[in-house]
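Below you'll find the structure, written out as structure tokens, and then a few comments.
The values are calculated or read from the model by the stated rules, or taken from the named source; none is laboratory data. If you're wondering where the values come from, they're calculated on a predicted model, not measured in any experiment. Here the Cβ positions follow ideal geometry from the backbone for every residue, glycine too, while neighbour counts run over all protein chains shown.
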Amino acid sequence: MTHVHEGSFDGERLRVAVVVARFNEVVSRALLEGALDALKRHGVADEDVTVVWVPGAFEIPMVAQRLASSGDLDALVCLGAVIRGETAHFDYVAGESAAGIAAAARATGVPIANGILTTEDADQAVQRAGGKLGNKGSEAAAAAIEMANLLASLPKPREEI
């Protein structure tokens, strides 16, 4: 018989942290509102949500790894906006934040959803933070819930010898 595993969107009893970059704060706040709304709609209790503000997207992975390593959380959501400018700074910040979030998730085994927008201009960011293209913060929160439930349903990793 085939075994199929899927995560559910039931957030009851889940403890979730949201790490938000203050840089491009107008966009970040809209993403946070979307994430908090999604967490609530999926049953995550207000007292089980922690919001942590960091200076920018580059700082998110360090804080995400610290929180995920605590053993106190079932999932994390990382939010921010990196908007292309006239220098290569965009490429470094976008790449390092994404790689750092993925590394933190692999190192800790805690699902960490990447809701950091990487856009060509501010209008694109606004459209993805509650505009006509939806709210990527909401989508990231739903993904975090789904992954927490999926991982909980899978066999636990074997202990290293």
Take the residues of segment 1-53 that are among the charged types (D, E, K, R), at pLDDT 95 or above and within 20 Å of S153 (Cα to Cα): which is surrounded by the most Cβ atoms within 10 Å (Cβ to Cβ)? R15
Under 6 Å between Cβ atoms, which residue pairs at least 6 apart in sequence (or on different chains) link something in segment 135-155 that is touching a residue at least 60 places away in the same chain (Cβ under 8 Å) with a partner that is of a type in the set (F, W, Y) and crowded, with 18+ Cβ neighbours inside 10 Å? none
S70 passes all but one of (1) of a type in the set (G, A, S); (2) without any contact (Cβ under 8 Å) to a residue 12 or more places away in the chain; (3) closer than 24 Å to K132 by Cα; which number fails? (3)
Tell me whether segment 141-160 contains one or more residues that are closer than 18 Å to W53 by Cβ, of a type in the set (V, I, T) and buried (at least 21 other Cβ atoms within 10 Å of the Cβ). no
Quick test of your reading of the structure: A144 fulfils all but one of (1) part of a helix (DSSP H, G or I); (2) farther than 18 Å from A57 by Cβ. Name the failing condition by number. (2)
Extreme residue, nearest to A140 (Cα to Cα), among residues of segment 54-89 that are part of a strand (DSSP E or B) and either modelled with pLDDT under 95 or more than 13 Å from the chain's Cα centre (by Cα) (or both): V82
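Any chance segment 16-29 includes a residue that's assigned to a loop (DSSP other than H, G, I, E, B), more than 19 Å from A105 (Cα to Cα) and free of Cβ contacts under 8 Å to residues at least 60 places away in the same chain? Lay out the reasoning, then the answer.
Residues of segment 16-29 assigned to a loop (DSSP other than H, G, I, E, B): 22-24.
From what's left, more than 19 Å from A105 (Cα to Cα): 22-24.
Filter again for free of Cβ contacts under 8 Å to residues at least 60 places away in the same chain, leaving 22-23.
Within segment 16-29, one or more residues are assigned to a loop (DSSP other than H, G, I, E, B), more than 19 Å from A105 (Cα to Cα) and free of Cβ contacts under 8 Å to residues at least 60 places away in the same chain.
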Just checking, how many residues over segment 98-122 are surrounded by 14 or more Cβ atoms within 10 Å (Cβ to Cβ), under 18 Å from G71 (Cα atoms), within 12 Å of the chain's Cα centre (by Cα) and aliphatic (A, V, I, L, M)? 6
Any residue at all in segment 105-125 that's free of Cβ contacts under 8 Å to residues at least 60 places away in the same chain, part of a helix (DSSP H, G or I) and in contact with a strand residue (DSSP E or B) (Cβ under 6 Å, 6 or more places away or on another chain)? yes
